[in-house]
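Here's the structure, in structure tokens; my notes come after.
The values are calculated or read from the model by the stated rules, or taken from the named source; none is laboratory data. Here the structure is a predicted model, which is why all the values come from computation and not from measurement. Backbone-built Cβ (ideal geometry, glycine too); neighbour counts: all protein chains shown.
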Amino acid sequence: MERQKVILIVDDEERIRRLLRMYLERENFVIDEASDGETAIQKASDFDYDLILLDVILPGIDGMKVCTKIRQMKSTPVIMLSANGEERNRVQAFEFGADDFVNKPFSPREVIYRVIAVLRRSTLTAYFSNEMKGTSNDIIFPHLKIEHNAHRVIAGNLEVNLTPKEFELLRFLAKTPDKVYSREELFKEVWQYNFFGGELRTVDTHVKRLREKLSRVSSEAAAMIFTVWGFGYKLLQSKS
């Protein structure tokens with residue numbers, strides 16, 4: 001039997017935590033809570049949560065900084081909650097490493113949907129593991145290896161430490177080498193969002209970080225991520 005998923009709710013409003021707890025427990029999730037950023041960081045450090053629901057506005061350390069701290073320690077999926085749904089705030093949340101963003105006031109059912117969607121994308125279910133048993137999910141190039149099950153990237157014979165979204169973006173491009181994707185397509189497929197605008201800068205930011213991290217261990221691997229100016233990106237199967 002698959003174990004229950006454990007979710008940390010971080011919000012300084014007790015009524016919000018209570019509402020989310022009630023709906024999430026109905027879906028068989030186990031819930032822990034924190035009311036400030038410092039406590040959230042400590043809890044995230046001490047325990048491997050399956051997902052964190054994180055409010056942007058918190059006493060002491062704000063949610064953006066909390067997300068940054070979590071990303072430095074772990075790859076736990078994070079969904080940001082904010083009463084400020086402006087484009088700039090959403091973009092900032094994604095750039096700080098959030099996996100999704102929900103505006104306040106929110107529908108509890110929407111939060112449940114997004115939690116399930118993020119967990120589905122971020123974890124291997126038992127069914128998926130059984131389906132892929134005995135097959136290789138690795139993507140291998142001369143200067144780059146992407147190990148799906150291990151969630152690991154090797155370049156220049158060294159492991160590259162990527163965030164979940166950086167890994168998803170690289171693997172998505174690598175599954176169809178030499179195919180050009182627009183920034184809109186990448187944002188829709190990797191971030192699972194259909195609205196565009198300033199959010200597309202998130203794609204550029206993640207591509208830049210990917211190149212920087214790869215270039216530290218392999219200039220050849222970094223050069224495989226190719227910019228098609230005015231349109232988008234592709235991963236080159238070979239770099240001549």
(Q) Quick check on my filter: what residues within the stretch 79-101 are touching a residue at least 40 places away in the same chain (Cβ under 8 Å) and aliphatic (A, V, I, L, M)? (A) L81, V91, A98
Q) Just one of the numbered conditions (1) under 21 Å from E38 (Cβ atoms); (2) at pLDDT 85 or above is not true of V102; which one? A) (1)
(Q) Restricting to the stretch 9-27, count the residues that are more than 23 Å from the chain's Cα centre (by Cα) and aliphatic (A, V, I, L, M). (A) 3
Q) Being of a type outside the set (D, E, K, R) and farther than 22 Å from R3 by Cβ, is that true of even one residue in the stretch 41-51? A) yes
Q: State the number of residues belonging to the stretch 45-56 that are buried (at least 16 other Cβ atoms within 10 Å of the Cβ) and in contact (Cβ under 8 Å) with a residue 40 or more places away in the chain.
A: 7
Q: Could you please tell me which pairs satisfy a Cβ distance under 8 Å, a separation of 6+ or placement on different chains, a first residue in the stretch 163-176 that is in contact (Cβ under 8 Å) with a residue 24 or more places away in the chain, and a second residue that is assigned to a helix (DSSP H, G or I) and hydroxyl-bearing (S, T, Y)?
A: P164/S122
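For (1) buried (at least 22 other Cβ atoms within 10 Å of the Cβ); (2) farther than 20 Å from V6 by Cα; (3) among the polar types (S, T, N, Q), each residue gets a yes or a no:
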residue: C67; (1), (2), (3): yes, no, no
residue: S75; (1), (2), (3): no, no, yes
residue: M80; (1), (2), (3): yes, no, no
residue: A93; (1), (2), (3): yes, yes, no
residue: F101; (1), (2), (3): yes, no, no
